[in-house]
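As structure tokens, the structure follows; a few thoughts come after it.
The values are calculated or read from the model by the stated rules, or taken from the named source; none is laboratory data. Not measured: the values here are computed from a predicted model. Quick note on the areas: whole protein, heavy atoms, side chains included, nothing else; ligands and nucleic acids left out. Shrake-Rupley method; radii C 1.70, N 1.55, O 1.52, S 1.80 Å.
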Amino acid sequence: MKLEELAQAIAMDLDGTLARFGGSRALLLRFLKKFPQDATYAALRTAVESGSWTEVERTAHTLKGVAANLGLERISSGSGALVQAVRSGAQEDVPRLFTALAADYAAAEKAVAALEE
Amino acid sequence: MTERQTILIVDDEEINRAILSITFGEDFAILEAANGREALDAIEAHPGEIVAVLLDVVMPVMDGFQVLEVLGERGMLEQLPVFLITAESDQARLRRGYDLGAVDIIEKPIVPYFIRRRIGNVIQLNNLVRTQDQMLAAQAKEILDLNSSILETLATAIEFRDQESGEHVRRMRQLTLLLLEVLMERYPEKYFFDEEELRLIADGAVMHDLGKIAIPDSILNKPGRLTAEEFEIMKTHTTQGCVLLDSVPRLRENPVYGYAYDICRHHHERWDGRGYPDGLKAGEITIWAQVVALADVYDALVGERVYKKAFSHEKAVSMILNGECGAFNPELMDCLTYAQERIRQEFRVQKSERSGAS
């Protein structure tokens, strides 16, 4: 899968994202490949499962930023929704929001794994 | 710009740091820190080098707000622009960033073109302010130096009439400064002069004999002893100096005026009250007038005059300490005793310079 196909598959703004890597496709590819190894998502899942809300807020906030910089917009907005839910006291929404996020995450992970140039 | 300036990037996520590094790496040297604690360490390790901090908010160990708080407490935010780079969209939290002293808040995902502009503008502006500050300081110093050298020229012109070279004027400045320094060393709880006051007193010392311009040559350069009448006229050089100072337009507004006036008028007062023109005694005489009086006596002793040969440094010091040349503040006598070697050394250097130059 090429970057263009990945961008289409997971709704990434490829031009905007490439600009953050100085226009280097190789660099973007390298960091996309690294993304599934990032510990933040795993930490978020653990926090959701154990109901540690401040930790959910913190890790979701971090994931929102990293994903946004990588152009993984669905993961970014899904994480933002989790931050919002915890802050507004709507903890009961967290499991549902996380399930949606997990689906986007799995899709991105799969697309990234298929990525090659 | 001779050297690349440095930007500090603080984010716990490697990807975020990498993106900012790529964005700024072409134009700036980059330092990276993975949390607030590391950021503070980096700032401490590179004083004056960092021109901007790009700071993530949510981080382990120490977050961005805490970093801002610490920098604010240390009064460092004036010099060091901090930009929050954050995925935060909550307005109350963004406001808190500004309230803590962030220059600007930039949202993730960053857009390289805009972030380069926004941060570059602030850095450029700060560079401009820094350059202008340095120029202003240099100009202020130039004006002060010019002031001092005009005063010295004037004083030298006047001294020239009684066969003195410009060196007496320069030595008065140096000796006065040296004695003031020794006073601060010996009596730190009693005497303190800051840099500006030292400069003003030294300028005043240079002008101590301005009033001699009003004394006729026949008296000023008389080889023998002055008659009582002539001496009375000679004594008026103190008050004549003040008249001269008062005749200079707007000098009163200059901070040197008070010192110069006092020194002109009172550099012949004596600790025991038997000096002139006002017969002040002990603490009634300002310490700077006392210091100039002592410097003047010492320099007159070690120099040659129409009426006498030069005494050696040792002889001059012992004459002063024995009370043969007036009565002085015991604290100043202590300083003279304590610093006599320093005075001798400084003076010897100048003597050899003088013979080398002539």
For residue B:106, the residues 5 or more places away or on another chain with a placed amide H closer than 5 Å to its own amide H are B:84, B:85, B:86
Here the gain from full extension of residue B:148 to residue B:122, 0.36 nm per residue of separation minus their alpha-carbon distance, amounts to 5.5 nm
Which of B:313, B:267, B:46 fluctuates most in a GNM of chain B (C-alpha springs under 10 Å)? That residue is B:46
For chain A, shape from the Cα gyration tensor axes a ≥ b ≥ c, cut at a/c of 1.5 then a/b versus b/c, turns out prolate
In degrees rounded to 10, the 0-90 angle between helix B:166-186 Cα long axis and the longest Cα principal axis of chain B is 60
With a ≥ b ≥ c from the Cα gyration tensor eigenvalues, square-rooted, and the rule rounded for a/c under 1.5, otherwise prolate when a/b > b/c and oblate otherwise, the protein assembly as shown is prolate
Segment A:3-113 accessible area per residue, 1.4 Å probe, protein heavy atoms, integer Å², reads 44
By the Cα gyration tensor axes a ≥ b ≥ c (a/c under 1.5 gives rounded; else a/b larger than b/c gives prolate, otherwise oblate), the shape of segment B:141-354 is rounded
Residue ranges of DSSP H helices in chain A that stretch 15 Å or more (Cα, own long axis) and have mean Kyte-Doolittle hydropathy of at least -0.5 are A:39-50, A:53-69, A:73-87, A:94-113
To the nearest 10 degrees, the tilt of helix B:287-302 (Cα long axis) against the first principal axis of the alpha carbons of chain B is 60
Comparing B:333, B:207, B:62 in a Gaussian network model of chain B (Cα, 10 Å), the one with the largest mean-square fluctuation is B:62
Helix-only [θ] at 222 nm, the protein assembly as shown, -39500 (n - 2.57) per DSSP H run of 4+, per residue, nearest 500, equals -20500 deg cm²/dmol
Helix B:330-357: inclination vs chain B longest Cα principal axis, degrees, rounded to 10, gives 90
